[in-house]
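Peer 1: Quick one: this structure, given as structure tokens, is what I'll be asking you about.
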Amino acid sequence: MKTDLDMTLYLVTDSTYHTEETFYKTIEEACQGGVTLVQLREKNCGGREYLEKAMKVKVITDRYQIPLIIDDRVDVAIACDAAGVHVGSSDLPVAVARKLLGPDKIVGATAKTVEAAKKAYEDGADYLGVGAIFPTTTKVVTIRTSVETLNEICQSVPIPAVAIGGLNDGNMDILKGGKMAGVAVVSAIMKAEDPKAAAARLKEHVGELRG
């Protein structure tokens, strides 16, 4: 289990809102604004294109000493020497990802139930993404997860969990007093006119929620 992971503000990328230039610019500004972890998520990329994007994003995240997580593709994570990978319920199992990546890389997993959270932890996950708290505007199919379930998951495993799913500065008060380690966002930063300011404001808000 990685003890030094800062999960406060986790940016999950979405390139569908952007040109190539604005995509990387948004990620850089988000890093300047204070995101603590970046996940590159590309659902419709071939391996070569995914790797090319990953290597470009890693140049940015390395500049700000922010870990880069690759969604789904363990091969891409290995090829670009990313900090780790995030796997969902339809991706490679956590145990397989851990075996391929070894003990030193980060393996994150999606968990919507306490049972799934415990299984992910037992199989070697370092953190959990829990949601969707609200419906999302991404193309990822989402199933709602209650805040009560989020808090139960946080109490059931010793690894950090982040809330994800439609969260933004205007609605995340629903998480107030929760046990989550942080909040993961997509649109709240990727669609922001000023990603740096949006990230800074979100990070401050997460701190207030955790008290």
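The values are calculated or read from the model by the stated rules, or taken from the named source; none is laboratory data. Since we're looking at a predicted model, the values are computed, not measured. Counting neighbours? That spans all protein chains shown, and the Cβs are built from the backbone with ideal geometry, glycine included. Accessible surface is based on the protein model in full, side chains and every heavy atom, while ligands, DNA and RNA are left aside. Shrake-Rupley method; radii C 1.70, N 1.55, O 1.52, S 1.80 Å.
Peer 1: Restricting to the stretch 159-190, count the residues that are open to solvent by 10 Å² or more (accessible area, probe 1.4 Å) and touching a Ser or Thr at 6+ places or on another chain (Cβ under 8 Å).
Peer 2: Qualifying residue count, the stretch 159-190: 5.
Peer 1: Follow-up question, since we're still on this one. Going by the structure shown, is SER156 hydroxyl-bearing (Ser, Thr, Tyr), surrounded by fewer than 18 Cβ atoms within 10 Å (Cβ to Cβ) and either within 20 Å of SER90 (Cα to Cα) or touching a helix residue (DSSP H, G or I) at 6+ places or on another chain (Cβ under 7 Å) (or both)?
Peer 2: Here the answer is yes, as SER156 does meet what is asked.
Peer 1: Moving on. Restricting attention to the stretch 63-71, does a residue exist that is open to solvent by 20 Å² or more (accessible area, probe 1.4 Å), without any contact (Cβ under 8 Å) to a residue 40 or more places away in the chain and either touching a His at 6+ places or on another chain (Cβ under 9 Å) or not hydroxyl-bearing (Ser, Thr, Tyr) (or both)? Before you say what the answer is, go through the steps one by one.
Peer 2: Step one: list which residues in the stretch 63-71 are open to solvent by 20 Å² or more (accessible area, probe 1.4 Å), which gives 63-65, 67.
Those still in the list that are without any contact (Cβ under 8 Å) to a residue 40 or more places away in the chain too: 63-65.
Within this subset, residues satisfying the condition of being either touching a His at 6+ places or on another chain (Cβ under 9 Å) or not hydroxyl-bearing (Ser, Thr, Tyr) (or both) are 63, 65.
Looking through the stretch 63-71, at least one residue is open to solvent by 20 Å² or more (accessible area, probe 1.4 Å), without any contact (Cβ under 8 Å) to a residue 40 or more places away in the chain and either touching a His at 6+ places or on another chain (Cβ under 9 Å) or not hydroxyl-bearing (Ser, Thr, Tyr) (or both).
Peer 1: Let me ask something else about it. For the stretch 46-59, name all the residues that are β-branched (Val, Ile, Thr) and either in contact with a Leu (Cβ under 6 Å, 6 or more places away or on another chain) or open to solvent by less than 10 Å² (accessible area, probe 1.4 Å) (or both).
Peer 2: Scanning the stretch 46-59 gives a single hit, VAL57.
Peer 1: Here's something else I'd like to know. Are any residues in the stretch 75-110 among the β-branched types (Val, Ile, Thr) and open to solvent by 10 Å² or more (accessible area, probe 1.4 Å), and if so, which ones?
Peer 2: Within the stretch 75-110, ILE78, VAL94, VAL96, ILE106, THR110 meet the criteria.
Peer 1: For THR110, are the conditions met, namely being modelled with pLDDT of 95 or more, hydroxyl-bearing (Ser, Thr, Tyr) and within 17 Å of the chain's Cα centre (by Cα)?
Peer 2: yes
Peer 1: Still on this model: So, TYR127, is that one of a type in the set (Phe, Trp, Tyr), closer than 17 Å to LYS2 by Cβ and without any contact (Cβ under 8 Å) to a residue 60 or more places away in the chain or not?
Peer 2: So TYR127 does not fit the description; no.
Peer 1: Restricted to the stretch 6-26, and to residues that are touching a residue at least 40 places away in the same chain (Cβ under 8 Å) and under 16 Å from ILE70 (Cβ atoms), which residue is farthest from the chain's Cα centre (by Cα)?
Peer 2: ASP14
Peer 1: Identify all residues within the stretch 9-35 that are crowded, with 19+ Cβ neighbours inside 10 Å and among the β-branched types (Val, Ile, Thr); write none if there are none.
Peer 2: VAL12, THR13, THR26, ILE27, VAL35
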